[in-house]
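Novice: Quick one: the structure is below, and I'll ask about it shortly.
The values are calculated or read from the model by the stated rules, or taken from the named source; none is laboratory data. Everything quoted here is computed from the prediction, not taken from an experiment. A quick note on method: Cβ atoms are made from the backbone with ideal geometry, for glycine too, and the neighbour counts reach across all protein chains shown.
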Amino acid sequence: MVECIFTLDYEIYGNGTGALKDLVYEPTERLKEVFLAWDARFVNYVEVAEFDRIEACGSDRAIDLVKKQIQELYQADFECALHLHPQWYNATYEGGRWQLDYSEYNLCKLPRARVVAIVDRALSYMRYVIDEKDYVPLSFRAGNWLFQPSAIAASVLSASGIRIDSSVFKGGVQHKHGLDYRPAQRNGYFWSFSDDVTRSDASGSWIEVPIHTEMVPIWTMATSKRVSSGNAFGGAVSSVGDKVDRLRDFARLRYPLKFDFCRMTFKELTSMVDKVVREEQKRPEVFRPMVAIGHSKDPTNFKTVHDFLGYLRAKGIPISTFRDIYSRLRNEGSPSGRADAALAS
């Protein structure tokens with residue numbers, strides 16, 4: 001069975017630039033309208049660190065609109081999940097600009113005590129915003145997808161009650177940050193894990209449901225929309241060293257194309273789903289959750305999103321959240337994922 005889980009990284013730009021109203025509030029309002037028109041929901045990955053600091057420093061008056069929107073989405077049954085860019089927590093705001101602490105860019109490389117402090121603060125702010133003192137998000141997504149080395153962060157987040165990660169994109173490599181998700185290609189559509197997010201472990205307390213990807217020829221990544229959105233070859237870099245690392249990331253014949261509902265065309269979206277549907281026809285017993293990613297800050301063709309939701313409805317493909325499928329993920333565990341690993345990659 002195929003199900004689509006739409007996830008939205010709800011945030012401004014990673015360097016601290018951009019207005020909340022333009023990059024978070026207004027595009028999410030439009031997305032909400034589109035999804036409600038189809039009685040569908042997305043998972044809202046709230047980047048709490050930046051909102052915490054923006055509110056504390058009073059740098060953007062639209063923070064009140066954003067907080068109200070998070071509450072309204074939660075009350076309307078849009079799943080509220082945890083997204084973290086830890087470089088925000090030591091950030092300072094001076095002269096109208098943010099100075100972020102890039103020494104804390106990767107949560108997974110920080111000492112355990114610091115990870116505990118960051119996670120506790122993030123969850124406290126999320127509970128404050130949605131006004132539910134005991135709220136525990138079901139799922140997590142790391143900033144810039146950096147969930148390696150996994151052991152410490154996975155342990156701390158798990159102790160807080162979080163059960164699902166969706167940071168992995170199979171085949172992904174970031175030389176600058178030491179990220180290598182290529183080993184995950186041997187896994188299926190989801191898998192249990194413990195201290196290594198790329199290694200299936202049936203006894204693990206975590207479940208990885210990766211962002212769906214398709215390995216494509218590298219030259220197909222340089223479409224005008226992905227480049228203009230700061231993806232693929234148009235990714236933002238700040239130094240010669242960054243440029244060299246990005247070139248190394250792309251120095252291969254095939255590259256993972258993410259299932260991105262904000263950046264892809266209708267044809268690209270439907271083609272990706274159609275391939276998985278054809279796999280389902282061969283092995284209908286395998287559960288295939290397809291996680292789609294989007295960003296509130298990306299220029300989005302809302303008609304494309306509307307039409308794509310209609311396509312899924314016409315195909316009889318459920319639009320779910322992690323909360324909807326969690327019991328099935330736990331019950332089926334890793335075996336079905338391993339059996340279908342070749343098809344998923």
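Novice: For the range 163-224, give me every one of the strands (runs of 3 or more DSSP E) that falls completely inside it and has 1 or more residues that are closer than 25 Å to PRO137 by Cα, in contact (Cβ under 8 Å) with a residue 60 or more places away in the chain and among the aromatic types (Phe, Trp, Tyr). Even if it seems obvious, please write down each step before you answer.
Specialist: On the way: elements: 191-193, 206-208, 213-217.
Counting at least 1 such residues, we get 191-193.
Novice: Regarding ASP64, is this residue under 21 Å from the mean Cα position of the chain (by Cα) and either modelled with pLDDT of 95 or more or not charged (D, E, K, R) (or both)?
Specialist: No: the conditions fail for ASP64.
Novice: Still on this structure, please answer the following. Does at least one position in the range 81-101 carry a residue that is touching a residue at least 12 places away in the same chain (Cβ under 8 Å), surrounded by fewer than 21 Cβ atoms within 10 Å (Cβ to Cβ), of a type in the set (A, V, I, L, M, F, W, C) and within 30 Å of PRO183 (Cα to Cα)?
Specialist: Checked the range 81-101: no residue is touching a residue at least 12 places away in the same chain (Cβ under 8 Å), surrounded by fewer than 21 Cβ atoms within 10 Å (Cβ to Cβ), of a type in the set (A, V, I, L, M, F, W, C) and within 30 Å of PRO183 (Cα to Cα).
Novice: Here is a list of conditions, (1) closer than 26 Å to GLU268 by Cα; (2) within 19 Å of the chain's Cα centre (by Cα), and ALA122 meets all of them except one; can you say which number that is?
Specialist: Evaluating ALA122 over (1) closer than 26 Å to GLU268 by Cα; (2) within 19 Å of the chain's Cα centre (by Cα) leaves (1) as the failure.
Novice: Among the residues of the range 87-101, are any closer than 19 Å to ARG163 by Cβ and in contact with a helix residue (DSSP H, G or I) (Cβ under 7 Å, 6 or more places away or on another chain)? Don't jump to the end; show me each part of the working.
Specialist: In the first step, residues of the range 87-101 are kept if they are closer than 19 Å to ARG163 by Cβ; the result is none.
No, because not a single residue in the range 87-101 is closer than 19 Å to ARG163 by Cβ and in contact with a helix residue (DSSP H, G or I) (Cβ under 7 Å, 6 or more places away or on another chain).
Novice: Do you know which residues across the range 27-76 are of a type in the set (Gly, Ala, Ser) and without any contact (Cβ under 8 Å) to a residue 60 or more places away in the chain?
Specialist: ALA56, GLY58, SER59, ALA62, ALA76
Novice: Could you count how many residues in the range 80-109 are within 19 Å of TRP145 (Cβ to Cβ), touching a strand residue (DSSP E or B) at 6+ places or on another chain (Cβ under 7 Å) and not in a helix (DSSP H, G or I)?
Specialist: Result for the range 80-109: 5.
Novice: Shifting gears a bit: Given the conditions (1) farther than 30 Å from PHE190 by Cα; (2) part of a helix (DSSP H, G or I); (3) among the small types (Gly, Ala, Ser), and given that GLY16 satisfies all but one, which numbered condition is not satisfied?
Specialist: Condition (2) is where GLY16 drops out.
Novice: Which residue out of ARG53, ARG41 is buried (at least 20 other Cβ atoms within 10 Å of the Cβ) and outside any loop (DSSP other than H, G, I, E, B)?
Specialist: When all the criteria are applied, what remains is ARG53.
Novice: Suppose we keep only residues that are among the hydroxyl-bearing types (Ser, Thr, Tyr) and surrounded by fewer than 22 Cβ atoms within 10 Å (Cβ to Cβ) within the range 157-182. Which one would you say is nearest to THR198 (Cα to Cα)?
Specialist: SER158
Novice: Report, by residue number, each residue of the range 132-160 that is part of a loop (DSSP other than H, G, I, E, B) and without any contact (Cβ under 8 Å) to a residue 60 or more places away in the chain.
Specialist: GLU132, LYS133, ASP134, TYR135, VAL136, PRO137, LEU146, PHE147, GLN148, PRO149, SER150, SER160
Novice: Also, I was wondering about something else. Which residues, counting only those in the range 296-334, are of a type outside the set (Gly, Ala, Ser) and assigned to a loop (DSSP other than H, G, I, E, B)?
Specialist: Correct list: LYS297, ASP298, PRO299, THR300, ASN301, ILE317, PRO318, THR321.
Novice: Residues in the range 24-53 that are in contact with a strand residue (DSSP E or B) (Cβ under 8 Å, 6 or more places away or on another chain) and under 20 Å from VAL305 (Cα atoms): how many?
Specialist: Number of matching residues: 11.
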